[in-house]
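K.L.:
Take a look at this one; I'll ask things after.
None of the figures in this text is laboratory data; all of them are computed from the coordinates on show. What you see is a predicted model, and the numbers here were worked out from it, not measured in a lab. Glycine also receives a Cβ, built like all others from the backbone with ideal geometry; neighbour counts cover every protein chain displayed.
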Amino acid sequence: MTPRVVLIAHDTCKFDLTAWATYNRGTLSRCQLFATGTTGQRVFEATDLGIERLLSGPAGGDAQVGAMLAEGRLDYVIFFWDPLTTQPHDVDVKALLRLAVLYNVPTACNRATADYLISSPLFFHAETRRRHPSGPDLASAS
């Protein structure tokens, strides 16, 4: 299984996410990566990893990620978000996080949790059981 991972960071967290991605470059090089606009550009510049860039969060990138979650096209969300700063697209951020929980997609919102997630033996070797809100596994639908 090639993990499909999305990388997202609020402005105040972009440095931390870029540092985390640089440290984990070897593991991330074995993943299919997606990222919202500026975050994707910064991580690419620091790591030279292949990243499919989506729109920036405020321009619709968070909504794109939400759609990918609902369609079962993501395995992991790494979203370093700033809980102390109000975001103009806060509704989209909450919707994205709600969908990640609803579809049982492992989500890391800070470096400590991201470290646990990426170092888990399940990261590459086990299918994550996603559930559709009405019950059936999403994995069986694809």
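K.L.:
Express as a percent, rounded to the nearest 5, the fraction of DSSP beta bridges in region 4-141 (both residues included) that run antiparallel.
P.N.:
Bridges in region 4-141 are about 5 percent antiparallel.
K.L.:
Nearest 0.05, what FRET efficiency do T2 and V91 give at R0 = 30 Å with Cβ-Cβ as r? Write down the numbers at each step before the final one.
P.N.:
Values: r = 32 Å, r/R0 = 1.06.
Here the calculated transfer efficiency is 0.40.
K.L.:
Next question. Within region 86-115, list the residues whose amide N lies under 11 Å from a label point set 7 Å along Cα→Cβ of T27.
P.N.:
Within reach of a label on T27, which here means backbone N under 11 Å from a point 7 Å along Cα→Cβ, region 86-115 contributes 112-115.
K.L.:
Let me ask another. If each DSSP helix of 4+ residues adds -39,500 (n - 2.57) and the sum is divided by the residues in the chain, what number results at 222 nm, nearest 500 deg cm²/dmol?
P.N.:
Roughly -12500 deg cm²/dmol at 222 nm, from the helical runs in the chain.
K.L.:
Please compute the length gained on full extension between D82 and A67, using 0.36 nm multiplied by the number of residues separating them and subtracting their Cα-Cα distance.
P.N.:
Once the chain is fully extended between D82 and A67, it gains 3.2 nm.
K.L.:
Moving on. For A19 and F124, FRET efficiency with R0 = 22 Å and r from the beta-carbon atoms, rounded to 0.05? List each step's numbers first, then the result.
P.N.:
Values: r = 22 Å, r/R0 = 1.02.
So the FRET efficiency works out to roughly 0.45.
K.L.:
How high is the relative contact order of the chain? Use alpha-carbon pairs under 8 Å, at least six apart in sequence, and give a whole percent.
P.N.:
Normalised by residue count, the contact order of the chain is 26 percent.
K.L.:
Out of these labelled values of percent of Cα pairs over 28 Å apart, (1) 24; (2) 11; (3) 15, which was calculated from the coordinates shown here?
P.N.:
Given (1) 24; (2) 11; (3) 15, the structure-derived one carries the label (2).
K.L.:
Please rank W81, W20, fewest neighbouring Cβ atoms within 10 Å first, as an exposure proxy. Don't jump to the answer; show the numbers that get you there.
P.N.:
Numbers: W81 19, W20 23.
Exposure proxy ranking, most exposed first: W81, W20.
K.L.:
FRET efficiency for N110 and A59, Cβ-Cβ distance as r, R0 = 30 Å, nearest 0.05?
P.N.:
In this case the efficiency is close to 0.80.
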